[in-house]
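Just so you know, all these numbers are worked out from the coordinates, no wet-lab data involved. Here the structure is a predicted model, which means the values were calculated and not measured. Backbone-built Cβ (ideal geometry, glycine too); neighbour counts: all protein chains shown.
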Amino acid sequence: MLCLPVLLLTASLGWATNSLWLYEYGFEKYNVSQVTGLAEVELEKAAAGLIGYFNSDEDYISLTLVKDGEPFELFNQREVIHLKDVKGLIWLDYWVLLGTLVYVLAYAGISLFWRKRRYWRRLAWGVVGGGGITLALMLALGLGTLLGFDQLFLQFHLISFTNELWQLDPTRDYLIMLFPQGFWYDATIFCGLATTGLAIILGGVTGGYLLFTRRRAKLAS
């Protein structure tokens, strides 16, 4: 029950991190091509390069694009080091996702195949309860995002990073030009909705199972 919210949230974060669609949506919405002077095909290369870097074993990113017919290195040293810190958080998310997934699958497998049938309903109640906790947490996150995203965004950086490399200049640093604060607001909403959707699906399926077995028990009696 307690692992399920963590599992669903980390899965949604991993999904967002690897969603090329989300990157391109942000580029289009915030006119990133006009802001950076980069062609859309170069922005696609940037998005694919970042996703590839986050899933690689490389310590530092090296991403060369073309602007005005000339190749150039997209990120400066400050941005490169910051992206290494970001990659560390992403891999922490991956490891937490893997750990909770293994635990949930093991618990479900034991309940379904090794224990008696009466544990099936206990497992279903656990999923329903975990889904309920997830929805409550996502409601709190949604309210916090709508009412004070700027403060949440600031506190996240202060807690997550031990340096100030995340404080970038939007007039010269491409990382913040590619991903303005509005993009992160949208990404937070995306993760919240994805997590909520997964919780509703799992809770709906297991809730339906509980209702079905309850009705069948009443009919049998």
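Some points to look at:
Each row is one residue, and each column tells you yes or no for (1) within 25 Å of CYS191 (Cα to Cα); (2) assigned to a loop (DSSP other than H, G, I, E, B).
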{"site": "SER62", "(1), (2)": "no, yes"}
{"site": "PRO71", "(1), (2)": "no, no"}
{"site": "LEU92", "(1), (2)": "yes, no"}
{"site": "VAL96", "(1), (2)": "yes, no"}
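- For the stretch 152-204, a tally of residues being loosely packed, with under 14 Cβ neighbours inside 10 Å, of a type outside the set (Val, Ile, Thr), in contact with an Asp or Glu (Cβ under 9 Å, 6 or more places away or on another chain) and in a loop (DSSP other than H, G, I, E, B) returns 1.
- Being more than 14 Å from LEU198 (Cα to Cα), assigned to a loop (DSSP other than H, G, I, E, B) and touching a Leu at 6+ places or on another chain (Cβ under 9 Å) holds for only one residue in LEU43, LEU50, LEU38, and it is LEU38.
- PHE72 in contact with an Asp or Glu (Cβ under 8 Å, 6 or more places away or on another chain) and aromatic (Phe, Trp, Tyr): no
- Residues (surrounded by fewer than 12 Cβ atoms within 10 Å (Cβ to Cβ) and either of a type in the set (Gly, Ala, Ser) or in contact with an Asp or Glu (Cβ under 6 Å, 6 or more places away or on another chain) (or both)) located in the stretch 133-151: ALA140
- Each residue in the stretch 29-53 was checked for being under 16 Å from TYR185 (Cα atoms) and within 20 Å of the chain's Cα centre (by Cα), and 1 of them qualify.
- Whether a residue is charged (D, E, K, R), in a helix (DSSP H, G or I), surrounded by 14 or more Cβ atoms within 10 Å (Cβ to Cβ) and out of contact with any strand residue (DSSP E or B) (no Cβ under 8 Å at 6 or more places or on another chain) was assessed, and ARG122 does not pass this test.
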